[in-house]
1. With each pseudo-label sitting 7 Å past Cα toward Cβ, what's the Phe110-Val150 distance in nm, one decimal?
2. Dipole of the chain, Cα-centred, from +1 at each Lys and Arg C-beta and -1 at each Asp and Glu C-beta, to the nearest 20 debye?
3. Out of Trp306, Ile264, Ser293, whose Cα points farthest toward the positive end of the dipole of the chain (charges: +1 Lys, Arg; -1 Asp, Glu; placed on Cβ)?
4. Give me the extension gain from Asn381 to Asp175: residue separation times 0.36 nm, minus the current Cα-Cα distance, reported in nm with one decimal.
5. Would you tally the net charge around Ser341, using a Cβ to Cβ cut-off of less than 14 Å, leaving Ser341 out, and scoring K and R as +1, D and E as -1?
6. Specify the inter-centroid distance of the stretch 367-410 and the stretch 1-28, based on alpha-carbon positions, in whole Å.
7. Under 11 Å from the Cβ of Ala28, count the other residues' Cβ atoms, weight Lys and Arg +1, Asp and Glu -1, and hand me the total.
8. Just from the alpha-carbon atoms, what are the Rg and Dmax of the chain in angstroms?
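Rule-based calculations on the coordinates, nothing more; no lab input. Just so it is clear, the structure is predicted and the values come from calculations on it, not from any experiment. Note that each Cβ is placed from the backbone with ideal geometry, even for glycine, and that neighbours are counted across all protein chains shown.
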Amino acid sequence: MDILQAYGLILILLAAFVGFVMAWGIGANDVANAMGTSVGAKALTIKQAILVAMIFEFAGAWLAGGEVTATIRKGIIDAGYFVDIPEQLVFGMIAALSGAGVWLIIASYFGWPVSTTHSIVGGIIGFAVFGVGTEVVHWGKVGGIVGSWVVTPLLAGILSWLTYKSAEKLILKSDEPLKNAKRYVPFYMALAGFVLSLVTIKKGLKHVGLGLPEATGYVLAIAIAIAVALVGRWMINRVLREDTHTGIDAYSSIEKVFAVLMVITACCMAFAHGSNDVANAIGPLAAVVSVVSNDGQIGAKAALDWWILPLGAVGIVAGLALFGKRVMQTIGHGLTKLTPSKGFAAELAAASTVVIASGTGLPISTTQTLVGAVIGVGIANGVGNLNLGTTRNIVVSWVVTLPAGAAMAIVFYMLLNAIFVG
């Protein structure tokens, strides 16, 4: 307790710094791969993707990032073990943020899209096991995370394969692609509107006190879907009519429509991602501030101080703008050749997987979801269209992430104890 009283301000400033580093890593890695499909399909340039993501990620993180956040991310450890040694929980959370942040920077440098959630969870497990023992960890939840390494990308891959194959059969390779585009694309737009509305309602609005009852949320999502379909039908007719006059071929016209859809899905996913994954950076930071401010008392929830959410939002945007290009190129070009229709199928499948996961409580990584979806559309045109070397490197980086975060957190945890305890 004396340590918290003597060094409280220093510990909060240190936690704020490493929390910013963690948010920077989230921006460089997670946000970059969320926009990578749009860049790879040439729906957006890298500069445009960075601008779009900066706006919508910042809005999602700041406006819908949460008034209250759990002190222990994902409930992965039992905080009761730290009641008599609260300073060790503070050291551990700072160490977890440090370890996860450093790993994300390393992964981003090499262009590996890894899971920010798994990075911070690995860090928390590492310091907890090293500092207290294996009994402090809820291993059942860890098993669920490990299981998600397979379930999440597989589900997203299957959904993206089905989405692209249906578009190929109904529109792209049909006898009358223009006529069928007018008929069927509004349904894809309605589905996108429905899924992305649900993502925003489930993962965004609830954080700002606008959480809607389950039934109301679905009704609102259906209404938005119908509106999107009607607007989409008008837009498609206009685009295709203009292209017919200028002599642009049917395939290019249809891909142009899917490119517009990709931009819309990218904006919505960026908002939902910002609202959800900023917690990976600010959750442990909020825990440190709460424990220090309450003289060592450990609560189940930690109210966010006014400066924490903007800090996370600015960190995410800075990481994307300054260091996001490498991961964006891996997703956009490294896995498979993307077209707007393939990119749309991947983004829609990723969003659908997020909705399914949030409804069932399945532990999820947005990174692995999107990578699985991109692989799915790559396989739709034959396994030969996949870059197996890049795919292998990504899978290895996923497996390494949790133990890497744990190992680095242990090093920082030992360092903090050496500095403040002696």
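1. 2.4
2. Numbers: 24 positive and 20 negative charges, 305 e Å.
In debye, rounded to 20, the chain gives about 1460.
3. In the chain, that residue is Ile264.
4. Details: separation 206, 0.36 × 206 = 74.16 nm, distance 1.93 nm.
Separation in residues times 0.36 nm, less the Cα-Cα distance, equals 72.2 nm.
5. Details: positive: Lys42, Lys165, Lys169, Lys173, Lys256, Lys337, Lys342; negative: Glu168, Glu255, Glu347.
So the surrounding residues net to +4.
6. Each part reduced to its Cα centre gives a spacing of 31 Å.
7. Numbers: positive: Lys325, Arg326; negative: Asp30.
Once positives and negatives cancel, what remains is +1.
8. Spelled out, the Cα radius of gyration and Dmax of the chain are 22.1, 78 Å.
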